[in-house]
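One structure below.
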Amino acid sequence: MDCVSKNVSKGLITFLITAMITFMFPMMASASTTMSAADGNPEALDLIVQPETVTVPYGKTTTFKVLLEYDDGTTLDVTKQATFEVEDLEVAKVTAGTVKGLSVGFTAVDVTYLDDYYTAFDVEVTAPLTALTADPSVLNLVVDESDMITLTAIYKDGNEEEVTSTATWTSSNPDVATVDEEGAVTGVDLGSATITATFGGKTAKIKVAVTPGVDDILVLPGSVGVAKGKSQAVKIMAVYADGTQVDISKLVKLTSEDENVATVKGTTIKGIEEGSDTLVTGSYGGQDFEISVKVTAQIKTLTEITDTSVLNLSVGDTESLGVSATYKDGTDEDVSECATLVSSKPKVATAAVEDGSIIVNAFAEVSTTISMSYEGKKVSVKVIVTE
């Protein structure tokens, strides 16, 4: 056989082998996926798409997966092998595993794999995403306690959408706090972590503190009287089993039960409607607490009820004081429970509210000044402590 004949023979053989492989491979692949459990292999059941509905902002791209599900619970990623048919090509462009939003709207997408398996999923193209907000934005947990975060997408057209279950969630410190795909955060060990939610190219961060069990919450002052248009800050302390107190004011989210009466920003309460009452509530370390708020007329003067300007005590003694507010409408009120108390020398004497009165405790010889403030007004009493 000459060289030309040999080359022709080789080419013919190569062509025949290539043709057989091209013809047989899809049939073999199809047969392998439909093999029954009786043959000792899992049986392919259905195609599934994750997520079931793909949401993508206009002009952005996001990803999805197509999985072949077997009767033993396992799955095979066939995203790159599947074919896609988009119902409305003006809304979205779909390729293997990616969706690009072309215009705001909805479209269905048909998915086929090996001509034997079929499913469909929906694509929603939203207006451009302008912000992503998390509620709450601060979480305080004890070990093994869980809480949910709600994630809201805010779009350029003003629409809002809850996207908690479609966002991607991560924890900066899984040894302290974990987060699942539904936005549930669980305390694992003492410490702090940051939970990050990602959706549509935007992120939201949630600060998490995992603390020992809290015995009680102390709010200073315990109740708030605030004039219409004025503000009053509160200090919030966590009291632990060993008696230690920790300032948690920056870690707590406060909520007003009636924002027509009073609003809250951080730990500052502002009076809105004069002559009305409401509650401000919060939670920390498994402990719920509330602060009673009364919105009053604007205050004119503040006086010490017993008209005491100097208090003489011995070491170990206690004495009670009180504060009265006179408002511009002519009314008077005992505001001892709501006053903010400060000692210039806490090692000499301190003041605290007990059963509606201000109790001064003397500890050491020398003098100090107890200041009692309310609604921007202040009255002071000099305390002289002797042996």
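The values are calculated or read from the model by the stated rules, or taken from the named source; none is laboratory data. These figures come from a predicted structure and were not determined experimentally. Ideal geometry is used to build each Cβ from the backbone, glycine not excepted, and the neighbour counts take in all protein chains shown. Keep in mind that these areas ignore ligands, DNA and RNA; they rest on the heavy atoms of the full protein, side chains included. Shrake-Rupley method; radii C 1.70, N 1.55, O 1.52, S 1.80 Å.
List of remarks:
- Carbon plus sulfur fraction of accessible area for region 120-164, probe 1.4 Å, in percent: 43
- Other-chain or far-sequence residues with amide H under 5 Å of Lys345's (modelled H): Thr369
- When only the Cβ of Lys, Arg, Asp and Glu is charged (+1, +1, -1, -1), the dipole of region 245-387 relative to its Cα centre reaches about 760 debye.
- Applying both filters, DSSP loop and at most 13 other Cβ atoms within 10 Å, to the GluC sites (Glu not before Pro) of region 56-90 gives Glu90.
- Here the Karplus curve 6.51 cos²θ - 1.76 cosθ + 1.60, taken at θ = phi - 60°, turns the phi angles of region 180-185 into couplings of 9, 5, 9, x, 8, 9 Hz, with x standing for Gly and Pro.
- Only Lys, Arg (+1) and Asp, Glu (-1) charged, at Cβ; region 219-283 dipole about Cα centre in debye: 300
- Net charge, Ile48 excluded, C-beta distance under 10 Å - Lys, Arg +1, Asp, Glu -1: -2
- Structure-based [θ]222 nm, the chain - -39500 (n - 2.57) summed over DSSP H runs of at least 4, per residue, nearest 500: -3000 deg cm²/dmol
- Each of Met372, Met148 has its accessible area taken with a 1.4 Å probe; listed largest first, they run Met148, Met372.
- Listed cross-link partners Lys270/Lys294; Lys230/Lys294; Lys65/Lys207 are compared with a 19 Å cut-off, the Cα-Cα value being larger for Lys65/Lys207.
- A 1.4 Å probe run over the protein chains yields, for region 309-359, 53 Å² of accessible area per residue, whole-number rounding.
- Of Ile384, Ile359, the order by accessible heavy-atom surface (1.4 Å probe, DNA, RNA and ligands excluded), from most exposed downward, is Ile384, Ile359.
- Degrees between helix 3-33 axis and first principal axis of the chain (Cα, 0 to 90, nearest 10): 50
- Once backbone amide H atoms are built at 1.01 Å from N, Ala120 has Val111 as its partners under 5 Å, excluding neighbours fewer than 5 places away on the same chain.
- Gyration tensor verdict on region 216-256 (Cα atoms; rounded if a/c is under 1.5, prolate if a/b is larger than b/c, oblate otherwise): prolate
- Residue-wise HN-Hα coupling along region 376-385, computed from phi with Karplus coefficients 6.51, -1.76, 1.60 (Hz; x: Gly, Pro): x, 9, 9, 10, 10, 10, 7, 10, 10, 10
- The share of accessible area on region 331-377 that comes from carbon and sulfur is 49 percent, using a 1.4 angstrom probe.
- Using a probe of 1.4 Å, the accessible surface attributed to Glu365 totals some 110 Å² when neighbouring protein chains are kept in position.
- Taking a Cβ cut-off of under 11 Å around Ala241, the surrounding Lys, Arg, Asp and Glu residues balance to a net charge of -3, with basic ones at +1 and acidic ones at -1.
- Global geometry of region 129-232, whether rounded, prolate or oblate, following the gyration tensor of its Cα atoms and the 1.5 cut on a/c: oblate
- Estimated vicinal HN-Hα couplings, Hz - region 110-125 in sequence order (Karplus 6.51, -1.76, 1.60; Gly, Pro = x): 8, 10, 10, 9, 6, 6, 10, 10, 9, 7, 8, 9, 9, 10, 10, 9
- Gaussian network model of the chain, springs between alpha carbon atoms under 10 Å - residue of Gly225, Gly376, Gly158 with greatest fluctuation: Gly158
- Which of Lys382, Lys250, Lys80 is most accessible, then next, and so on - probe 1.4 Å: Lys250, Lys80, Lys382
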